[in-house]
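Derivation of every value follows stated rules applied to the coordinates shown; laboratory data play no part. Not measured: the values here are computed from a predicted model. Here the Cβ is made from the backbone with ideal geometry for all residues, glycine too, and neighbour counts use every protein chain on show.
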Amino acid sequence: MTVGAPRRGPRWSTGLVLVAPALAFLVVFYLVPLGYMVEESLHPWQGDGGDPAAWSLEQYRKAAESGRAVRALERTVRISTIATVLTLAVSYPIALLLRRAGRRTRTAVLSIVFVSLASSLLVRNYGWLVTLADTGPLNRLLLAAGLAEKPVRMVYSEGATIVALVHYAMPFMILPVFASLLRIPASLAEAAQSLGAGPLRVLANVVLPLSMPGVFGGTMLTFAICMSAFVTPLMLGSPSTAMISQVASEQFLVQLNFPRGSALIVALTVVTFAIVAAYALIVRHVFRVDV
């Protein structure tokens with residue numbers, strides 16, 4: 001008598017069971033609130049005398065006609081792009097160091113990364129306020145070195161916001177890139193070197209293309225974090241450097257114009273997803289990476 005092989009269920013059912021908790025969390029805590037916000041943005045503001053039951057795109061039209069909102073959105077995209085590029089430029093060498101370092105060095109650097117990730121955002125921002133202040137240590141160093149005749153104004157500017165955003169986003173860039181570098185076999189770099197490629201050529205033609213999945217994940221996370229930043233630009237920026245999240249918060253908390261604030265947040269979400277989608281297409285076509 002032949003005993004048949006055990007019957008296996010479809011693979012998709014196993015995968016669905018594994019991702020079901022994450023999907024439920026995403027639906028309850030992200031998609032449902034976003035849906036309520038979209039619905040709120042389609043209603044007129046009662047302060048304008050509109051019918052609360054009517055639906056229209058009036059709030060989006062007024063947001064598009066608001067010079068301050070448009071400038072804030074453009075500023076948000078610019079600051080987020082600069083911060084993402086700088087974060088990648090700083091984090092990629094650290095990830096390379098982690099890949100090539102010994103066990104003790106790797107543990108020490110990863111511990112610093114995780115401590116930075118776990119520290120409070122407010123504490124970090126206050127630290128930058130002290131460091132970049134007119135009487136802070138950085139200005140004192142510039143004065144002592146003779147590089148400046150008077151304190152340089154650094155806080156409450158786009159530059160201070162970008163520096164703090166880079167500091168905050170570095171762990172979200174280092175860890176995906178490091179994980180991607182670990183998947184690259186060392187024999188590939190050794191083979192390229194044996195064929196006459198120098199270190200820079202190996203990095204540009206072998207290591208960087210193969211680490212693009214981690215680079216894409218890190219840059220996507222960093223860009224999304226910077227686009228939605230609120231506390232950092234509020235503490236280190238100024239009204240003239242306000243990002244779109246601050247403009248939306250004024251509509252919610254000061255003007256009590258919930259439809260207009262919801263429209264700004266929905267617009268920010270759409271713009272962020274559009275840029276990320278365009279970036280994914282570029283990575284796929286240029287680096288031939290499945291992301």
About the Cα centre, charge dipole magnitude for region 61-287 (Lys/Arg +1, Asp/Glu -1 at Cβ), debye: 280
Once Rh for the chain is found with the Kirkwood sum over Cα pairs, what is the Stokes-Einstein diffusion coefficient at 4 °C and 1.567 mPa s, in µm²/s? 57
Looking at the chain as a GNM with Cα springs under 10 Å, which of Leu234, Leu143, Leu42 has the largest mean-square fluctuation? Leu143
Between Gly218, Gly261, Gly136, where does the largest GNM mean-square fluctuation fall for the chain, given springs only between Cα atoms within less than 10 Å? Gly136
If the chain between Val85 and Val276 were fully extended at 0.36 nm per residue, the gain over the current Cα-Cα distance would be 67.3 nm
Quick one: if the Förster radius is 41 Å, what FRET efficiency do Leu121 and Arg61 give, using the C-beta to C-beta distance and rounding to 0.05? 0.75
What percent do you get for the relative contact order of region 61-287 when only Cα pairs under 8 Å and 6+ apart count? 28
DSSP loop chymotrypsin sites (Phe, Trp or Tyr not before Pro) in region 178-244 with at most 15 other Cβ atoms within 10 Å of their Cβ, which ones? Phe230
With label points built 7 Å along Cα→Cβ from the Cα atoms of Glu39 and Gln193, find their separation and express it in nm. 6.1
Which order do the peptides 182-195, 16-29, 116-129, 199-212 come out in when sorted by mean C-beta neighbours inside 10 angstrom, highest first? 199-212, 116-129, 182-195, 16-29
